[in-house]
Structure formats: C-alpha cells, structure tokens
Amino acid sequence: MTLRMRKWIYNFRHSFPVRLFLLHFQEHIFLLVIWFFLWLLMTGNILKLFGIKFLMLLPEYLDKTGNYSYAILGTAFGALVMTWNLVTYLLHASRFPFLAALSRPFTKFALNNSLIPLIYLILFFISSASIQMKEAGFDIRQILGHFIYFLFGMLILMLIIGIYLWLTNKDIHQMKPADVPAHLLAGPRPGGRGFQGRLADRTGDNFGVEIYLSERLKMRRVRSVSHYEPALLKGIYRQNHLNTLLLQVISLIGLTLFGLLEEIPVFRIPAGASVYFMASMILAVVGAISYWFGTWRLVLLVFLLVLVDMVTGQRGLRFRNQAFGIDYACEERPAYTNHTLDSLFSITQQATDKQVVQNVLDHWLVRQQKEKPKMIILVSSGGGLKSAVWTMQVMNQLAHEIPDTFMRSIALMTGASGGVFGMAYERELWLRQQQGFISDFTKPFYVERMAGDLLNSVAFSIATNDLFYPGLKFTRDSLSYRKDRGYSFEMQFHENTGYVLDKTVGDYRESESTAQIPMLLITPTIVNDGRRLIITPQPVSFLCQAPMPQGHTDRTNIDGVDFNALFHSVKSERLAFSSALRMNATYPYILPEVSLPSEPSIDIMDAGFRDNYGISLAARFLETYQDWIREYTSGVVLIQIRSWDKEPQIKEADRHGVIRDLLNPLGILGQQLRQQDFEHDDQISFLFDLFGPELFDVVRFIYQPGENQDPASMSFHLTSRERENILNAWSRPHNQEALARTLKLLDITE
C-alpha cells in the first residue's frame, strides 16, 4: 500500500463526518432507530399492506400529486433534518472543542453531520422515482420537477432556521470571556458529567477528529483550542444549546397552533409530511431526555411511559374518542353486564324483534316484480378504500346488468370496514335516485368520490391536535365532542362524498322499514369481551344469540349487542351514521378506539376482528327466517364481494433461524382472516344443508390485480394506478363467470 493511500485512509477514518457517524451508533442508537424505521416505512418493508410507502413517496395535496405536494413533503423532511442536527449538536458538540474556535460552529457541525440524512435522501429519490413512474405514470421531466420542488422546500426550511441561529448564536470571534453571562457557566446538567470536565478531557484529541468539511466543501485541518479559556468555550456552547432548545420549543408550539387550521383544506398537508413532523417531535423528545439525563435516559424514558399511562388512566384525565350524536353527559348510563344483556335480549324480546323485521321482509316482498322472487343477501369484506371502491364497482356493474331489479332484490347487506363504506354510499345514492335528487346512482363520478384520500387529514391530526392540543371541541345537536383524528376522518369522508351520508342511524328507519332500501347491519367489535355490536335502526336482539329451540337458549352465550337496545337512554337513535361507519373500520392506531358511555365503558374496534367477510351474521339471519324464505321466495343468492383472494397461500416454514423459530408460534395470529374463511366455509355448508342447493347458492366477486401487478393496499389512500387496477378487476375471467352465474341464478335472460 502506498504512502498516499495510507494517508487517505487515515484521513477518512479521522474525518469529522465519519467520526460523527460512528458516534451515533456508539452512544445514541435510539436516534438511529427513528431513521431506520422511516426507511422501513418508505421502502414498504413494514406496513406494506397499508400502503404507507405511497404516502411517503407519492404525496397527495388537495387531491393531486404534483410540485406543491413534493414541496410540502420536502419542507417536512427539512424540519426532520434540522431537528436531527439540533438534537445531535446538543448531545455531541462538547466532544469536539475545535468547533468553538470556528466561525458558525453549528453550520459546520450540520454539514459534517449530514451523512445519515444524505443516505436516506438518496434512497428516497431512487424509490420515489420508481413509484412515480409505476404508480402515476410520470415521465422523467415531471419527476425531476417534483424533486426540484422537494429540495426547494427542504432548503427554504433549513435556510429559515439557519438565519435564526446566525442571528442568535455567537462564535469565538464575537464573544470575549468577559461577555459570557453567569447563567451560561452554571453547573452540569442532571445526569451529565459536566461540560467543564468533559471539555478538559477532550481539548487534546477532539474525539479523534483530524479534518472537517467546510462550507466550501473542502477538507480543513482541526486546530487546537488549548490556548482558549475553558469558560469562554463553555459559554459559546451553552449559548448555542439554549438557542437550540428555544427553537425546538417554538417549533412544537408552532406546529400545535398550525393544527387549529386543519378544517381549512389548504392546510391539510400530505400524510407523508405529517410522518416526518411526528418523527421530528420524537427525535426532539428523545434528544432532550438524553441531553438532560445522560446515561439515565433509558430508565427515565421507561419511567415517563409508566407515569403517563398511570396518570392518563385516571377518570377525567384520559382523552377517549367518542361516537358523535349520542349523549355522553347523560347520568343514566346503561350497565354493560351479562345480567343486563340477558334481560335485554330475552326470548320474549327476541320474538318481538323478529316480528318487526319480518314486517320489513313483507314490505320487501311487495316491492318485488314477481310472485316468488330470489332474495339477495349482499356481504362485502373489509380492506379500506380498496374494498369500498371494489364494492361500488361490483354493485354498479350488477345494477347495469340487472337494471331496476338488482337493488330491489337485496334484502340485507352487511360486512366489514371498507366494504360497508361502499355499500352504505351506494345505498344512499340509490335512495336519492328514487327521491328524484339524482338521475343515475351508478355514475363513475360517485366511485371517484369514494376513492378520495382520507389519510392526509388523519395523519395531520395525529401530528398536531391528538398529541399536543387535545382540548379542541365542536358541537353537534347541542352536545359537545372533542376534535381528534376521528373527527378529521369523518369530516374528510363527508367532503369526499358530498355530505349525503351526514345523517343519523335513526334517519334510515323509515326507508328500511318500508323496504325502499335494503337493511344494513354495521357490526364493529367490542374490545372488552369480543362480542359484536350490531348497529341498525331495526330491533335485532334475535341476532345477538345463535338460534336455539325454545327452552334451550341457555346452551349458548349472547355473542352480540343490539346497539339501540342497550344505549337507548343516551340517544342511540341520534348516532351519526358516519360514526357508525368509522367504528366499523377502526384500524388499530390509524383511527382511535371509540369509547361508548356505559358502565363500565366499552371500547369499539374494527368489525374485521370478529368477521371480516360478513358471512356469520348473514347466516344467522337466514337461519332465523328460513321458514319465511321457503314460503315466499324461490331461494337465496348470497353475493360475496371480496377484496382478498379465496385461495390461501402456503408459506414456507422450514428455513427459519433460532430467533424466528421462537417467534413462529405467534405467526398463527397473522392468519386470522384465513381462519375466518375456513369457519365461514362451515357456515356456508350449513346453509346449503339447511335450504338445499335448489334454494341457496353463493356467488363470489373477487378483486385480483392484473398480471405482474401488485395488489392495491389496504389503506384509506389509493394511488391512481391502484384505482384503475381495482376498476379493471371487473373484467377478469373469474368475475365474468361470477356475473354469468348470478344472471342464471336470478333467472335473468341476457
């Protein structure tokens, strides 16, 4: 090896960027975990199913992906980079006394500390360019334009912060020993060894740094600072630290105030930008704890988490999400106990409710166009906007093939999360067509509306109101509720769908009772005990327990709760229909668990945890009315709209290491939807046995992506490619075969 090569290697090993890079791994791995987690999100290595990578690589602003959306994303990324530099400057600057002898020490530190953000930025550009071409069809010129705006937004933010620090920080050329204020020479911070002692240790070696990168991108030799008074160096660093902390506090306050404007569309920034802002805040908090408490940081962090959990668990201190429309201030809260459920859903009550719903079926029969019609039961799976759009596409196409008859033939609709969104919107549009408000409920325009983004508002609310200002309120029907990401989700949903679903659950009672529209069962899951909550304007206590012969009902448990029956005292009929839909689609962490006013209170989550396909309740309904169906109909066609393939994929389990072998038994938890599929096959087999193949059959319309295409993500955000992919799935052979079977079963001649 030549002398020149050895010198280059020595300089590389002792350069400021490399030493900083290694120092992060040695002492503050928690900060690096944040960057690593962002990288995993961006590349789709985690949460790929939810499409998070599209939010970070293909941002959408005001329903459009373009220069402005990338400029805002770049600004948020610039905030993350500057937070990274500010935090690490607080933690590491005193290890490098030579900085105090330089002009603009923070600027030079940030420049030499840019290796990790630069690696991330390069990976972002590569990944984003690929996604833009594949998902949005942008050409090279458009992609370069987006990246220029991204860099512009990033640099503008960094420039603003740089100007602030330039105006407030003083360097060695501007401060004399006599100018150092007394408060800057105070004792060591809690948990730290003290700047003075550490500086005395490091004045000779600068943590092994020999050269640094200057603003002109040239390598400069480090100069000794042993001839400077330690008090002067300490004063410079302490002043920079205080200005840095003040800037972080101002940024957090500014972001919180920015959240007050979320109802104005122009302030709803892309969800990816909110992710960067949240990462910046986590960096700032972790960095502050590390700075003030040094080696005790992990202990303190665990202690703070436990303390926060204990404090917020106290009555009145926990901010719980609410379902809008019902009365949380009512003192007559229903008791949620097994005894209460037994009394509410007694045999007598079940018989009464069964007769009420049978009257609905009688009205349904009157509206049919033949003597013994086929009854359609429509179920749709969960899957976010993917399922909502696919459900509307299938219903629209069937309505075109069977005009005026298809919607009339549906007696009952149910399902989970996104599927119910699509069914509810389609049902409302059909009602409005019957009322003369619109001419054609199957126009593609309505599907486009349903496909609108719902995540930007939610992510922004998490980054602002939910974390830092949970006190915002709004009023509905003279009742006060808290604004959080649940509120943001519903408001965005109403904007996307033209406010046609801005109703209460009770508003649909009359139109369902007269069979003007099909009955819709919304069935979220109760977290407390795993029961399903059945939300519908009709009384359905008979669906809360498996049908049993009279005198044998004690052989089975009540596994469902009729929402109106239990919560009648708190104005259950005034529940916002959008809140019912939201409860049915409450993905963990994306949307908050809804707390309902009972004693004890119950928390509500996504219907998919109990039944992601809607089969179970449909089967119970058919079993209950089997005699009526045999007498008045020519049979039942169960139409299932699925956003998931029916055939299970068999995963290889042989090539696991020791660690993965330990975790492998937990893998069955991830097969919950497949387990439901197997159980539903049992129920369908039971229905075939109950009615016979002459009176019962199943047709499945399954979303599958085109050849060599990735499936659409299970998210509340869809790219343009995903939307097109979902709509085109209708023409795939298996769905055309399902259409032909449907027409044959309904005795429709082509």
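Rule-based calculations on the coordinates, nothing more; no lab input. Owing to the predicted nature of the structure, the values given are computational and were not obtained by experimental measurement. When we count neighbours, we look across all protein chains shown, and the Cβ atoms used for this are built from the backbone with ideal geometry, even at glycine.
Numbers below:
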| quantity | calculated |
| --- | --- |
| Full-extension gain in nm, A546 to I122, via 0.36 nm per residue minus C-alpha separation | 146.9 nm |
| Aspartates and glutamates with Cα under 14 Å of K108, excluding same-chain neighbours fewer than 8 positions away | D171, E215 |
| Theoretical FRET efficiency, 1/(1+(r/R0)^6), r = Cβ-Cβ of L62 and L3, R0 56 Å, to 0.05 | 0.40 |
| Inter-probe distance in nm under a simple model that places probes 7 Å from Cα toward Cβ, at R223 and W628 | 9.2 |
| Long-range amide H partners of W644 with built H, under 5 Å | Y703 |
| Restricting segment 330-421 to GluC sites (Glu not before Pro) in coil, as DSSP defines it, with at most 14 other Cβ within 10 Å | E331, E332, E371 |
| Restraint check, K64/K483; K386/K473; K386/K483; K370/K503, Cα-Cα greater than 30 Å | K386/K473; K370/K503 |
| Spacing of the two label points (7 Å from each Cα toward its C-beta) at Q675 and R432, in nm | 4.1 |
| Residue-by-residue Karplus 3J(HN,Hα) for segment 475-490, coefficients 6.51, -1.76, 1.60, Hz, glycine and proline x | 10, 9, 6, 6, 9, 9, 9, 7, 8, 8, 5, x, 5, 4, 4, 5 |
| Contour minus Cα-Cα distance for T514 and I156 (0.36 nm per residue) | 122.8 nm |
| Under 15 Å from the L301 label point (7 Å along Cα→beta-carbon), backbone N, segment 9-24 | 24 |
| Efficiency of FRET between Q355 and E737 - r from beta-carbon atoms, R0 41 angstrom, step 0.05 | 0.55 |
| Other-chain or far-sequence residues with amide H under 5 Å of V594's (modelled H) | I604 |
| Segment 333-380-segment 701-749 distance, computed between alpha-carbon centres (Å) | 32 |
| Under Karplus coefficients 6.51, -1.76 and 1.60, residue-wise ³J(HN,Hα) of segment 87-98 in Hz, glycine/proline x | 5, 5, 5, 4, 7, 10, 4, 5, 6, 10, x, 4 |
| Nearest-0.05 FRET efficiency for S720 and A329, computed from C-beta distance (R0 41 Å) | 0.35 |
